[in-house]
Amino acid sequence: MLVTMAGCGALGSLLASRMIDGGLKVQVLQRKGPHFEALKEKGITIELDRKGTRWTFPLEAVSHDPSRLEKTRLMVVLVKSYDTHNILPARDLLAEDGVVLTLQNGLGNAEKLADGFGEYRVAAGITNYAAFRIGPGVVGWGGDGHIYLGPWQGGRKVEWVCSVLEKAGLSVSCVEDPRPFLWKKVAVNATINTVTALTGMENGKLLHHVPVLEMMKSVCEETRKAAERVGVSLALDDLWDMVKDTMQLTAGNRSSMLQDIEKGRMTEIESIAGEILRLAEDDREFPYTRTLYSLIRALDLSRSPQ
Amino acid sequence: MIVTIAGCGALGGVIAAHLLAGGLQVQAYQRKGKTLEALREKGITLLSEDRKSSSTYPLAAVSDDVSELLPTGLILVLVKSYDTLSLSPLRDLLQKDGAVLTLQNGLGNAETLSDIFGEKRVAAGITTYGGVSLSPGVVMEGLKGCITFGPWSGNGMEWIAGILGKAGLRIDHVRDPRLLLWKKLSMNAMANPVFALTGIAVRDISRNPFALDLMEHLGKEVVEAAARSGVILDFQENWNFLMDHSKRSSDHKPSMLQDMEAGRRMEVQAILGGILALARDEKDFPYTRSLYDLLMAIDTSRGHYK
């Protein structure tokens, strides 16, 4: 079976390599640049350990133009959330009975995809597989994780997507409604990613700073309130446990937002903290999330060409 | 009379040079390091604003050891606020009718100095003089400023203005310096943490709505904290002053950003801790608290708190 990876950055490359290893064929929709050229020429290269052991995985096709790719039943979206609208021209690539699956960070991605692809063809999920970019075409393995995914439109059946990915060797759970999972991931990103990006610390280091942990817990509570306003009810303890577990499990990792800040790339703050703040009743609500949001946005703006 | 400069860095150096040029005898209480060596060997060198001419003035004494310093009638305190306690050995050097004037950032310094020297001998103030340290012992004047000060308790202290004014410093006396200190604090509390965490250039701040939004929230919390300690601040007046100041600033970097970039300990406690001390509970002042927690986490991870 042929899978389309829309956005084959660090995480996209890691997941694609697993699929190829498990017998699936993968084609890539990717914007132009050195990484694009490297993928086109050599396929995906994964560095497995610090000794530099590398494996290369061949791709069926790599293009920035959807019309040059084959029709496909499964498209996995892993572009940065602020680029999601760029995937919409690829709607004709997806078979009528196909599924476009977003595993992106943040909120608002499934909605955008639903506008282009039709809600009935959208699935959404979260993953904590971890990867980091080493160079063009080369990605480091940061740790295996799990994928939770489910249909964006209630009642739709997407179990076949889970079995395809599972058969290829990925660890996947199918869920009825992916929304609570997306919100949990948002809590993780709104706390760990922002604070590590501002302090330069690795994820696990935050565990040593009790006042910062209290602030992060306050962000979880604000996230919980925001989720409630769109009908997703979550327990504060569940959110907070997930944040703490993530810090422990990924202790040595540098979060994607920290990597973005260090590389001078735009962050995904708008689809993370920005989405929480859009649900605030006034500009005084959610002060902890607002502080982190303002600092990251201020940083992004100060580094963007004026 | 001998004037002692405690903490002869950039600002201390500029003030010392003015006093020396005005014919006063000046000694420096300075911690060990390259600045101490340079001051001892050559004295203080003041570069003109166009960097074309310079004057060098010898100091009466330079040491980190009070037994090598001379009895003094006036101590100007310019050490970092977290080092104020290190001035205790100067107690025996201060003449009976002498005074100690703090021009440091933040809250709590006058109180600490009162414990050491007795509150009747303490004055506090702010300064808009600015200095840049070009190399150890070599400073350049930044903004042409002035000093405004008053007695910490009781009254008097006009004589300080007489001595320093005669030596050529612009200096004003007020009856109670608390309002001044709070005004200065509100500038520091609004601006410094945001600059330190984002690295935004001061002159760019008016074009960064995200930084402005956060600074406004911080500014309102300072006004509230001041009110609780009996000082009435006008938020709009502070805000206008800050905006006006930032427009005129060329490439000046706030002290906290300089400290952040150099890996030095920041004045988080004196600037933000004093505000949090006036919080009614742990939910109070969330913006100030978040920035305090983030900055303290950075300082702690850099080994500044053991």
Filter result (away from chain B (no Cβ under 11 Å) and not basic (Lys, Arg)) within segment A:277-291: A:Leu279, A:Ala280, A:Glu281, A:Asp282
Residue in segment A:16-28 that is among the basic types (Lys, Arg), closer than 26 Å to A:Glu270 by Cα and in contact (Cβ under 8 Å) with a residue 40 or more places away in the chain present: no
Residue that is nearest to the other protein chains (Cβ to nearest Cβ) [pool: residues in segment A:292-306 that are under 23 Å from the mean Cα position of the chain (by Cα) and hydroxyl-bearing (Ser, Thr, Tyr)]: A:Ser294
Residue in segment B:264-287 that is more than 29 Å from B:Gly9 (Cβ to Cβ), β-branched (Val, Ile, Thr), in contact (Cβ under 8 Å) with a residue 24 or more places away in the chain and not assigned by TED's automatic domain parsing to the domain that holds B:Ala10 present: no
Matching residues, segment A:28-63, being of a type outside the set (Gly, Ala, Ser), in a loop (DSSP other than H, G, I, E, B) and touching a Phe, Trp or Tyr at 6+ places or on another chain (Cβ under 6 Å): A:Gln30, A:Leu48
A:Glu214, sole failed condition from (1) more than 8 Å from chain B (Cβ to nearest Cβ); (2) surrounded by fewer than 19 Cβ atoms within 10 Å (Cβ to Cβ): (1)
Filtered residues of segment B:266-288 (kept if within 23 Å of B:Thr112 (Cα to Cα) and charged (D, E, K, R)): B:Glu267
Some residue of segment B:149-159 being over 23 Å from B:Arg121 (Cβ atoms) and of a type outside the set (Val, Ile, Thr): no
Meets criteria (more than 30 Å from A:Ile261 (Cα to Cα) and either of a type outside the set (Phe, Trp, Tyr) or away from chain A (no Cβ under 14 Å) (or both)) for B:Leu180: yes
Qualifying residue in segment A:56-79 (condition: without any contact (Cβ under 8 Å) to a residue 24 or more places away in the chain and touching a helix residue (DSSP H, G or I) at 6+ places or on another chain (Cβ under 7 Å)): yes
Spans of strands (runs of 3 or more DSSP E) in segment A:64-137 with at least 1 residues farther than 25 Å from A:Leu258 by Cα, of a type in the set (Gly, Ala, Ser) and at pLDDT 95 or above: A:94-102, A:122-127
Hits in segment B:100-149 - residues which are buried (at least 22 other Cβ atoms within 10 Å of the Cβ) and over 15 Å from the mean Cα position of the chain (by Cα): B:Arg121, B:Val122, B:Gly137, B:Val139
Considering residues of segment A:44-55 that are in contact (Cβ under 8 Å) with a residue 60 or more places away in the chain and touching a Ser or Thr at 6+ places or on another chain (Cβ under 9 Å) only, the residue surrounded by the fewest Cβ atoms within 10 Å (Cβ to Cβ): A:Arg54
In segment B:275-306, residue nearest to the other protein chains (Cβ to nearest Cβ) [restricted to those that are more than 14 Å from B:Ala189 (Cβ to Cβ) and among the small types (Gly, Ala, Ser)]: B:Ala297
Helices (runs of 4 or more DSSP H) fully within segment B:189-274 counting 2 or more residues that are more than 14 Å from chain A (Cβ to nearest Cβ), at pLDDT below 95 and within 21 Å of the chain's Cα centre (by Cα): B:235-248, B:255-262
Test result for B:Lys34, assigned by TED's automatic domain parsing to the domain that holds B:Lys166, closer than 14 Å to B:Ser133 by Cβ and loosely packed, with under 15 Cβ neighbours inside 10 Å: yes
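Yes/no per residue for (1) buried (at least 19 other Cβ atoms within 10 Å of the Cβ); (2) in the same structural domain as A:Trp55 (by TED's automatic domain parsing):
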{"position": "A:Gly135", "(1), (2)": "no, yes"}
{"position": "A:Trp152", "(1), (2)": "yes, yes"}
{"position": "A:Gly155", "(1), (2)": "no, yes"}
{"position": "A:Trp160", "(1), (2)": "no, yes"}
{"position": "A:Val164", "(1), (2)": "yes, yes"}
{"position": "A:Lys167", "(1), (2)": "no, yes"}
{"position": "A:Val188", "(1), (2)": "yes, no"}
Count of residues meeting criterion [within 22 Å of B:Trp159 (Cα to Cα) and surrounded by 24 or more Cβ atoms within 10 Å (Cβ to Cβ)] in segment B:21-31: 3
Yes/no for A:Ile272 being within 14 Å of chain B (Cβ to nearest Cβ) and within 20 Å of A:Lys185 (Cα to Cα): no
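The values are calculated or read from the model by the stated rules, or taken from the named source; none is laboratory data. This is a predicted model, so every value here is computed, not measured. Glycine also receives a Cβ, built like all others from the backbone with ideal geometry; neighbour counts cover every protein chain displayed.
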